[in-house]
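Below is one structure, written out as structure tokens, with a few remarks after it.
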Amino acid sequence: MSLAFREPVENRLGALCAAVGQTVQVAAAAFCGLPGMLWRQRSRQVFYRQLYVAGIGTLPVATVVALFTGMILSLQLGIAFRQFSQELMVAYTLTFAMFREMGPFMTGILLASCVGSAMAAQLGTMTVDEEVAALEMMGVNPIRFLVVPRFWAMTCMAPLLSFYTCLIAFFGGALVGYTQLNIPFLQFFRQLVEAAELKDLYVGLFKAMCFGMLICSISCTVGFAATQGASGVGAATRRAVILSFLSILIGGYFITRFFYAL
């Protein structure tokens, strides 16, 4: 390997390690900032506002995405199982797919694209306009003031939103089962309840909570690192979404591998 090619690779690896370290530091500081947030009224107000943004603000999009995801999965599974006269297996498979993977995955994608991008853009704008530097000059910790309420709002709302998307997807699957596969609603939901296991639910909620932490930590870290005016804010927003998507995919695999090791 030539020296001219080795140096850019080493620089990129060093930048990647530094970015991961900064993200871990931000996440650790935000995690430890919960008592202070609950103690300060201003932080609690920001926390409540972020709960609304991460939860209620994403419900319309989450409802449409979850409904049609459940319908698509049920339709495709029904086409496959109909060849073996096992249409009732659609409910079993849909339960496993949504609780274990698709529910947390859809929630992470929605939060990264709708909420994480907005966080990166807002904090990036504040950084470029030197508002973050002004907070530091006034003795205000930017992570405690800006990141902690967002971090815990995402952590709290991600599991709830994941559970909501699963319920809507089940309804969409039951709708397709009734109209396309001749499965009565009550029988479809009875199969869902029989197939559901507490471990699948807990693992899915834990996975969604981890996704919320990752998305917020990455988005805030990238936002604080924004430079070069409006173009830098746009680049930071795009980078936050891309890194959040990658972290969701990689983290989802390792969490599933840990709880469902072969």
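The values are calculated or read from the model by the stated rules, or taken from the named source; none is laboratory data. Because the structure is a prediction, the values reported are computed rather than measured. Cβ placement follows ideal geometry from the backbone for every residue including glycine, while neighbour counts extend to all protein chains displayed. The protein model used for the area step is the full one, side chains on, heavy atoms only, and it has no ligands, DNA or RNA in it. Shrake-Rupley method; radii C 1.70, N 1.55, O 1.52, S 1.80 Å.
Among Ile215, Ile183, Gly173, which residue has its Cα positioned farthest towards the positive end of the charge dipole of the range 170-258, with +1 placed on the Cβ of Lys and Arg, -1 on the Cβ of Asp and Glu, and the dipole taken about the Cα centre?
Ile215
So between Ala18 and Arg238, what do we pick up on full extension, going 0.36 nm a residue minus the alpha carbon distance?
Between Ala18 and Arg238, full extension yields 77.3 nm more.
Before I look further, what does the range 45-125 give for accessible area per residue, probe 1.4 Å, in whole square angstrom?
On a per-residue basis, 46 Å².
With a point put 7 Å past each Cα toward its Cβ, work out how far Arg82 is from Arg42 in nm, to one decimal.
According to this spin-label approximation, the distance is 6.2 nm.
Where the accessible area of the chain is counted over protein heavy atoms with a 1.4 Å probe, how much of it, in %, is carbon and sulfur?
That fraction is 70 percent.
Take each uninterrupted DSSP H stretch in the chain, measure its Cα extent along the helix axis, and return the ones at 27 Å or beyond whose mean Kyte-Doolittle hydropathy is at least -1.0.
Passing helices, by number: 3-32, 59-82, 148-180, 198-224, 229-259.
Which residue fluctuates the most in the chain, going by a Gaussian network model with Cα springs under 10 Å, if the choices are Cys166, Cys220, Cys114?
Cys114
Quick one: putting +1 on the C-beta of Lys and Arg, -1 on the C-beta of Asp and Glu, what dipole do you get for the range 84-207 around its Cα centre, in Debye to the nearest 20?
Approximately 300 debye in magnitude.
Relative contact order (percent) for the chain, with alpha-carbon contacts under 8 angstrom and 6 or more residues of separation?
32 percent
Return a whole-number percent for the relative contact order of the range 26-126, with Cα pairs under 8 Å and 6 or more residues apart as the contact set.
27 percent
What FRET efficiency comes out for Glu136 versus Tyr253 if R0 is 30 angstrom and r is the Cβ-Cβ distance? Round to the nearest 0.05.
0.20
Return the whole-Å distance between the Cα centroid of the range 193-262 and the Cα centroid of the range 73-151.
Each part's Cα centre sits 7 Å from the other's.
To the nearest 500 deg cm²/dmol, what mean residue ellipticity at 222 nm is calculated for the chain from DSSP H runs of n ≥ 4 alone, each contributing -39,500 (n - 2.57), summed and divided by the residues?
Rounded to the nearest 500, the figure is -27500 deg cm²/dmol.
Determine the gain in length on full extension of the stretch Phe96-Leu160; use 0.36 nm per residue of separation and subtract their C-alpha separation, reporting nm with one decimal.
Gain on stretching Phe96 to Leu160: 21.3 nm.
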